[in-house]
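*Asks:* Dropping a structure here in structure tokens format, bear with me for questions.
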Amino acid sequence: MTVLNVNGKQHEVHADPRTPLLYVLRNDLALNAAKFGCGLGQCGACTVLVDHNPVFSCLTPISALEGRYIRTVEDLGTIDKPGPVQRAFIEEQAAQCGYCIPGMMMRAQALLEKNAAPDDAQIRAAMAPNLCRCGTQMRILRAVHRAARLMTVELQGPVKEAQK
Amino acid sequence: MLARALLGLVIATVVAFGAFVAWQWRGELPPATASAHSFDPGIVAKGAQLAAVGDCAVCHTRAGGKPYAGGFPVETPFGVVYGTNITPDRDTGIGAWSEEAFRRAMREGVARDGAHLYPAFPYDHFTRLTDGDISALYAFLMTREQVSQPDRPPELSFPLNWRIFAAAWQLLFLDKGAWRNDPAQSAQWNRGAYLVEGVGHCGACHTPRNRLGAEARDRRFAGGEGEGWSAPALDAASPAPVPWTADQLYNYLRRGFADQHGLAAGPMQPVVADLARAPEADVRAIATYVATIIGPRDPADRKRQTDAALAFAQQRAVTVGDVTRATTGAAPADTHSAGKALFDGACATCHRSGGGLPVSRPVPLALSTPVNESDPGNLLRIVLDGIHPAPGRRGPIMPAFSGMLTDQQIVALADYVRSRYSRGPAWPNVAAALAGVRRAQTLREAP
Amino acid sequence: MNAPLTTPTRRMFVATGGALVVSFALAPHGALAQAAKPNVPAQPKLPGSLGKAPVLDAWIGIGGNGGITVFTGKAELGQGIMTALIQCAAEELDVDPAAIALVTADTERTANEGYTAGSHSMQDSGTAILNAAAQVRAILIELAATRLNLTANQLHAKGGAIVADDGRSLAYKDLVLGQELHRAAQPQSPLKDPKSYTVIGKPMRRVDIPGKVTGAPMYVQDLRPEGMLHARVVRPPNYGAELVSVDIATVEKLPGVIKVVRDGSFIAVAAQGEFQAIEAMNMLASIAQWRKVASLPDEATIHQFLTRLPAQDEVIANKGSPAQQGTHVVNAAYTRPYLAHGSIGPSCAVALYKANKLTVWTHSQGVFPLRASLANMLQLRPEQVHCIHVEGSGCYGHNAADDAAADAALIARAIPGRPIRVQWMREQEHGWEPFGPAMASSVSGAIDGSGRIVSWNYAVWSNTHSTRPGGPAGNLLAAQYLARPFQPPAPKEIPLPDGGGDRNAIPLYTIPNEHVVDHFIPQMPLRVSALRGLGAYHNVFSVESFMDELALAAKADPVEFRLKHLDDPRARDVITKAAQEFGWKKGETRPRGQGRGFAFARYKNSAAYCALAVDVTVERETGEVHLGRIVAAIDSGQAVNPDGIRNQIEGAIVQSASWTLYETVTFDRTDITSRDWSSYPILRFPQAPESVTVHIIDRPGEPFLGTGEAGQGPTAAAIANAIADATGARLRDLPLTADRIKQAIGV
Ligand code: FES
Ligand code: FES
């Protein structure tokens, strides 16, 4: 049995310790945001945060995650009370099919927790591991810039985020 | 009496130093008037090929910068030296350099203005080039786009920042003179040797350096350093489990992948990218030459080592079955269970044999050089940063595991990989090595 | 609104609370059409796809709780169609868009609108819903009139009620108590004056995005019905390979494995857990013995190979004398490689076989054609198969969605009573999806002394651009590998005006002597089908690159040269708009390595007009292209959701830039070798353009024109033209890779 701390809650998971986190999140914990895209660490659709780092959950076995702090899109906010990154993506209408977007949001969240006001080049570099096939990149970039502004105006800004 | 002796000593020293100063002094050469169109396109094309073999662009281009405009940090034990602007810009590049000035820099390590160049610029190799090849390189560089970008001064500790120390270094270590063919060897071998020793300057990374930063002549290709990575030995001490053959070397250098060794990573990535544009015959020649210096000399030994390595790789290969059975308890108990669990979960997806997927498979880890080197540094670098092809280009992707796994987990993983995939002794202190790599990286990232 | 798990009937009641919709939905379409026949005049034809289900309650239902449900046979593919359709209904019904629930493609609930493809959705479904809504509004007013003893002109609709001038009002739900809306649709509708629109033409936030950014179960990949099993298929090592033997018992012993399903060379495994299914799949793959039979042509010479295959030739344009004339003749030949749809999420489907009935949740673009093929494959009657569209990852055409549905169906039939979820692996998607076909074209044109094009000869070679399912099962991948295999039906060219390989092969420019031939190649060495834009991507790339080559020969400015040969005022408008907004200056000179390119097309010569200008920088030493500013102008007729249009064009531009600069499906003599994102690299963030701006030319009152595919072709040509401008080198073979550009530049 593995105990995982996901979005601040402890979960007892009985899956094989080798099981990649992605399948546990989706199937055992019914957290749908993280998506399967390649299972190879090439596309970022499965990106979640572990101890504030963006990681490919498709390649991270749960055996590596005991006692670590896992966050998914579900932790950023809800449909009624979306968090800054989610609001930014809604306000910029930064989605077409949207399949890549949860991974994008988590990578953006990680970036903004480290760098409250990244410039365009820094955002592009940080987002490079994540693919979008619909060509929503321009809107995603705008959304990350907007999220940075939203986060800094929010009391619960990046600094506080990081201490959670 | 004593006073007189002292005086003599002082005089002698002064005279010697004076002589050295006189010896090292080089005058400024007059500005050139060469202009782009005065070069024969054939010569320019030849220069382009030599520049590819020499990877000039690597050290003379900063990340994201204009090619040949300089700014790339070359780390030395004495500080950082930045690649200079070698575009034909008259004020910030070498636009004012005559071919004679260029030749002097290549052969003697002296800039047009007479300043002695630091040996980070490998004139100890370029001095071997033929006149024709130096002219071709000159023609190539002089026909590049002019970029106005002032050189970044070297960051060397006092007193090494005095150019005269470069002169002293040259006095001690620069052995000038063109390459001489070995009549006993084939033309192809000689061509390869000429490229490797000369413009290719492979020794700059693959030969260890002495305390003064010069390549140790007596230990050619015994393995050195480049950009913080260890550059494996290319001599008998090569750590490659399967001894390199000319064909494997050719595939590796030309395509960046050899099926008995793996793929080019770290500083070798740009090198093979350039070699892909060099003449095929030259890459073949390089492979031919290196094959004669690398690994065991005796064919019988080579065969024995090859068979043993392949058998070992076979025996240690992790199959789908092993990984799956591991959970049904059927697998043999493993001392490195922590590392094994991580490997089976995080690495086996790609680094196992059998099964349909993924289609593009890495070589068995037991054949990989980083796993079999005496130092875990290269393996740790690859695990931390992964391997990424240049934007828009085809090439294997390995994700970065930094942040995905804790340092403790990476250490366990490295220990397990070493124990399972190498016949070499366990690495003494992977944790310390990892800390070292991390330190080097933060330094590099610091602006 | 998007709770795919609840069963249709329940959803329907929830959504509409009324019996009347059910009465429609339960009536098979045939019967329905019958019911409607008497009062449906054969002529004139009904607007949009109203004719596909010519009764109003097939499109709009009003429930007892006031809930309004709109039904469309089209599917949301990430193009934002749901939002635009809701806007159409809300506009003509005078209700808040939020009051509308939309039901999309479902073989038991919506009209059969065929495929959601070809940028047809707004033309077909948008028009149908707009008209149906207007007719429903008229009926509601008429009902209110009788109740209130007033005349229709004393009443108007407002916020979900019919309001009388005297202030009295009746809510829609109180007007619709039974079958009031079960009426034949009329050819004429009391449509509003577009000037009075308050919803159409105003940007509306997409209804699906909030759920998508908060982890709601929006995708077929997210379905998790009670008792569901995870399944994976082991695909053959390559095309046509035959499964010789496999030790099923070993795999069935693995943890979690429920069953290994084998039928001929189709083999799959179902397990409790998803990772268990994947491991079992790997195990199966490692022990299965195959006989490889595929032999592929040489990739290096694929275009010669294709053009030498037997072809069916058709002259699709023949004006004046095709003979070459004019003072200056220019010749060129262009090629494009096979391209992958490369959806970020591999194809997926969930199927349940229970009581002789198969239910399939699928992201197919055509649930009705899929139903026909599934029924044929499983020897069921169409009524025994129920296909429900649930969103998947963007597909950009015919990807593996239908094949995944077929896989799920076969496995579900072998494990009755358990919902089966199949998702393809990345390498399966890349290796087995039907690719966008490789194409070749050759063109020669002549200009006269006045710099006018006098003649134009164009020929294009292509496989079919549609091997979609529908009818016989042979186009479903799995069906071809069963013990009793289904043969793929003979491929057909999609006829003009839409066209397939010849889509946009006829230039929109006014040219006195014009000759265009379509060489349709039936034989398909690689599996191919519809990819966004179909032949238009290649033909527009060819035509618009060639326009620049002619402009160069005529020493004319590319923009002026295009305008000089265009009469269509709307075409002229988008070109002028794009040029102005970009700041295009005639004869402007730029430093070496910097270039600017322009291109234009009217998609299918009948849909949206799109023109764009591109700034590029080309690194001479490496041939690397850096995309700078991109400015586009688009005319999609009446714009329904302007931001939706912008989103689509931005996406088309970035996706097409990726196709154009980087992408090629690679293969050796037996296997597809581009099997993941490392062997099939696409554009990543650092390579995205500096900026993309889209300007919409709205045409209130004009028919809706499809937008989704308008940008692909022009983007390719504009980039090629910009590279030619920057380097002086004209590249005619896609993709325009750094190596090819470097080669063209020389040292
Ligand atoms: S699904 Fe994890 S990186 Fe692609
Ligand atoms: S929005 Fe569809 S893949 Fe990114």
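The values are calculated or read from the model by the stated rules, or taken from the named source; none is laboratory data. Here the structure is a predicted model, which is why all the values come from computation and not from measurement. In this analysis, Cβ positions are derived from the backbone assuming ideal geometry, glycine residues included, and neighbour counts consider all displayed protein chains. When the accessible area is computed, the model is the full protein with side chains, heavy atoms only, and any ligands, DNA or RNA have been set aside. Shrake-Rupley method; radii C 1.70, N 1.55, O 1.52, S 1.80 Å.
*Asks:* How big is the B-C contact in terms of buried accessible area, both chains counted, 1.4 Å probe, rounded to the nearest 100 Å²?
*Replies:* Counting both chains, the buried surface is close to 2500 Å².
*Asks:* Go through C:472-482, C:498-508 and give me the packing order, highest mean Cβ count within 10 Å leading.
*Replies:* C:498-508, C:472-482
*Asks:* Ordered by residue, what ³J(HN,Hα) values in Hz, to whole numbers, does segment C:548-561 give under the Karplus form 6.51 cos²θ - 1.76 cosθ + 1.60, where θ = phi - 60° and Gly and Pro are x?
*Replies:* Taking θ as phi minus 60°, the curve returns 5, 5, 5, 4, 4, 4, 8, 6, 10, 6, x, 5, 4, 4 Hz for segment C:548-561.
*Asks:* Same structure, new question: Just for chain C, what percent of DSSP beta bridges are antiparallel, to the closest 5?
*Replies:* Here the antiparallel bridges make up roughly 75 percent for chain C.
*Asks:* Continuing with the same structure: Can you find, among A:Cys97, C:Val540, B:Gln408, the residue farthest towards the positive end of the dipole of the protein assembly as shown? Put +1 on the C-beta of Lys and Arg, -1 on that of Asp and Glu.
*Replies:* About the Cα centre, the residue reaching furthest to the positive side is B:Gln408.
*Asks:* Could you work out which residue, out of B:Gln315, B:Gln49, B:Gln149, moves most in a Gaussian network model of chain B, that is, has the largest mean-square fluctuation with Cα springs under 10 Å?
*Replies:* B:Gln315
*Asks:* Further, regarding this structure: Can you list the residues, at least 5 places off or on another chain, whose amide H is less than 5 Å from the amide H of C:Val234, using H built in the peptide plane?
*Replies:* For C:Val234, whose amide H was placed from the backbone, the distant partners under 5 Å are C:Ile267, C:Ala268, C:Val269.
*Asks:* How big is the Rg/Rh ratio for chain C, C-alpha atoms only, Rh by Kirkwood, two decimals?
*Replies:* Computed over Cα atoms, the ratio is 0.99.
*Asks:* Could you compute the net charge surrounding C:Leu175? Neighbours are other residues with a C-beta less than 10 Å from the C-beta of C:Leu175; K and R count +1, D and E count -1.
*Replies:* -1
*Asks:* Also, quick follow-up: Between C:Gln289 and C:Ala138, 0.36 nm times their residue separation minus their Cα-Cα distance comes to what?
*Replies:* 47.7 nm
*Asks:* Distance between Cα centroids, segment C:103-170 to segment B:194-243: provide it in whole Å.
*Replies:* 80 Å
*Asks:* Could you tell me the calculated FRET efficiency between A:Thr78 and C:Glu581, based on Cβ-Cβ distance and R0 = 45 angstrom, to the nearest 0.05?
*Replies:* 0.70
*Asks:* How crowded by other chains is A:23-35, given as the mean number of beta carbons from other chains within 10 Å of each beta carbon?
*Replies:* Going residue by residue through A:23-35 and averaging, the value is 4.
*Asks:* Can you list the HN-Hα couplings for segment C:634-643, worked out from phi with the Karplus curve (6.51, -1.76, 1.60; θ = phi - 60°), rounded to whole Hz and with x for Gly and Pro?
*Replies:* 9, 10, 9, x, 4, 7, 8, 10, x, 5
*Asks:* Over the Cα atoms of the protein assembly as shown, how large are the radius of gyration and the largest Cα-Cα distance (Dmax), in Å?
*Replies:* Using the Cα atoms of the protein assembly as shown, the pair Rg, Dmax is 34.2, 140 Å.
*Asks:* Bin width 10 Å, alpha-carbon pairs only: give the P(r) of segment A:1-51 as whole percents, running from 0 to the bin holding the largest distance.
*Replies:* 24, 58, 19
*Asks:* For segment C:403-476, with the dipole built from +1 on Lys and Arg beta-carbon atoms and -1 on Asp and Glu ones, taken about the Cα centre, which of C:Ala459, C:Leu410, C:Leu476 lies farthest toward the positive end?
*Replies:* Among C:Ala459, C:Leu410, C:Leu476, the one farthest towards the positive end of the dipole of segment C:403-476 is C:Leu410.
*Asks:* Right, next: Under a 5 Å amide H to amide H cut-off, with H placed in plane at 1.01 Å, what residues pair with C:Gly64 once short-range neighbours are removed?
*Replies:* When sequence neighbours closer than 5 places are left aside, the close amide H contacts are C:Gly18.
*Asks:* Determine the relative contact order of segment A:100-152: mean sequence separation of Cα pairs under 8 Å and six or more apart, normalised by residue count, in whole percent.
*Replies:* Dividing the mean separation by the residue count of segment A:100-152 yields 47 percent.
*Asks:* Note down the magnitude of the dipole of chain C about its Cα centre, charges +1 on Lys and Arg C-beta and -1 on Asp and Glu C-beta and zero elsewhere, to the nearest 20 debye.
*Replies:* For this selection, approximately 760 debye.
*Asks:* In addition: How about segment C:329-393: which trypsin sites (Lys or Arg not before Pro) there lie in a loop by DSSP and see at most 14 other Cβ atoms within 10 Å?
*Replies:* Loop-located and lightly packed - none at all.
*Asks:* Right, next: Just to confirm the number: angle between the C-alpha axis of helix B:407-421 and the first principal axis of chain B, 0 to 90 degrees, nearest 10?
*Replies:* Around 80 degrees separate the two axes.
*Asks:* Over chain B, what is the relative contact order in whole percent, taking alpha-carbon pairs under 8 Å and six or more residues apart?
*Replies:* Relative CO of chain B lands at 12 percent.
*Asks:* Step through the residues of segment C:624-633 one at a time and calculate ³J(HN,Hα) from phi using the Karplus curve (6.51 cos²θ - 1.76 cosθ + 1.60, θ = phi - 60°), rounding each to whole Hz and writing x for Gly and Pro.
*Replies:* After applying 6.51 cos²θ - 1.76 cosθ + 1.60, I find 5, 9, 10, 7, x, 7, 10, 10, 10, 10 Hz.
*Asks:* For C:Ala479, what charge total do you get from the other residues with a beta carbon under 12 Å from its beta carbon, if Lys and Arg give +1 and Asp and Glu give -1?
*Replies:* -3
*Asks:* Could you calculate the FRET efficiency of C:Ala490 with C:Arg669 from 1/(1 + (r/R0)^6), where r is the beta carbon distance between them and R0 is 45 Å, rounded to 0.05?
*Replies:* 0.95
*Asks:* Could you tell me the relative contact order of segment B:177-278? Use alpha-carbon pairs under 8 Å, at least six residues apart, and round to a whole percent.
*Replies:* The normalised contact order for segment B:177-278 reaches 14 percent.
*Asks:* Counting only residues 5 or more places away or on other chains, whose amide H sits under 5 Å from the amide H of C:Met439 once H atoms are built in the peptide plane?
*Replies:* Placed amide hydrogens put C:Arg336 under 5 Å from C:Met439.
*Asks:* Antiparallel as a % of all DSSP beta bridges within chain B, to the nearest 5?
*Replies:* 80 percent
*Asks:* On to the next question. If you fit an axis through the alpha-carbon atoms of helix B:2-24 and take the longest principal axis of the Cα set of chain B, what angle between them do you get, 0 to 90°, nearest 10?
*Replies:* 80 degrees
*Asks:* Could you give the dipole magnitude of segment C:515-621 about its Cα centre, charging the beta-carbon of Lys and Arg +1 and that of Asp and Glu -1, in debye to the nearest 20?
*Replies:* 120 debye
*Asks:* Further, regarding this structure: Per-residue mean of other chain beta-carbon atoms within 10 angstrom of the beta-carbon, peptide B:402-409?
*Replies:* Mean partner shielding for this stretch: 5.
*Asks:* Taking the Cα centre of segment C:269-355 as the origin, how large is its charge dipole in debye, to the nearest 20, when only Lys and Arg (+1) and Asp and Glu (-1) carry charge on their Cβ atoms?
*Replies:* With Lys and Arg at +1 and Asp and Glu at -1, about 140 debye.
*Asks:* Oh, and also: Given the C-alpha centroids of segment C:494-508 and segment C:563-633, what is the distance between them in whole angstrom?
*Replies:* 23 Å
*Asks:* Does anything in segment B:47-78 have its amide N under 19 Å from the 7 Å Cα→Cβ label point of B:Asp40, and if so which residues?
*Replies:* The answer is B:47-51.
*Asks:* I need the GluC sites (Glu not before Pro) found in segment C:511-613, filtered to DSSP loop residues with at most 15 other beta carbons within 10 Å of theirs.
*Replies:* C:Glu588
*Asks:* In addition: Specify which residue in the list B:Leu174, B:Phe140, B:Gly109 is farthest towards the positive end of the charge dipole of segment B:109-220, using unit charges on the beta carbon of Lys, Arg (+1) and Asp, Glu (-1), about the Cα centre.
*Replies:* Going by the charge dipole, the pick is B:Leu174.
*Asks:* If R0 is 56 Å, what FRET efficiency do you get for B:Asp259 and C:Ala332 from their C-beta distance, rounded to 0.05?
*Replies:* Computed FRET efficiency for B:Asp259 and C:Ala332: 0.85.
*Asks:* Sticking with this structure for a sec: Excluding B:Tyr82 itself, calculate the net charge of residues whose Cβ lies under 11 Å from the Cβ of B:Tyr82, where each Lys or Arg counts +1 and each Asp or Glu counts -1.
*Replies:* -1
*Asks:* Stretch B:Asp151-B:Asp113 to full length: gain in nm at 0.36 nm per residue minus the Cα-Cα span?
*Replies:* Separation in residues times 0.36 nm, less the Cα-Cα distance, equals 12.2 nm.
*Asks:* Sticking with this structure for a sec: In whole angstrom, how far apart do the alpha carbon centroids of segment C:458-479 and segment C:316-371 sit?
*Replies:* For segment C:458-479 versus segment C:316-371, the Cα centre distance is 8 Å.
*Asks:* Check each of the trypsin sites (Lys or Arg not before Pro) in segment B:145-181 and keep only those in coil by DSSP with at most 15 other C-beta atoms within 10 angstrom; list them in order.
*Replies:* Passing sites in segment B:145-181 are B:Lys176, B:Arg180.
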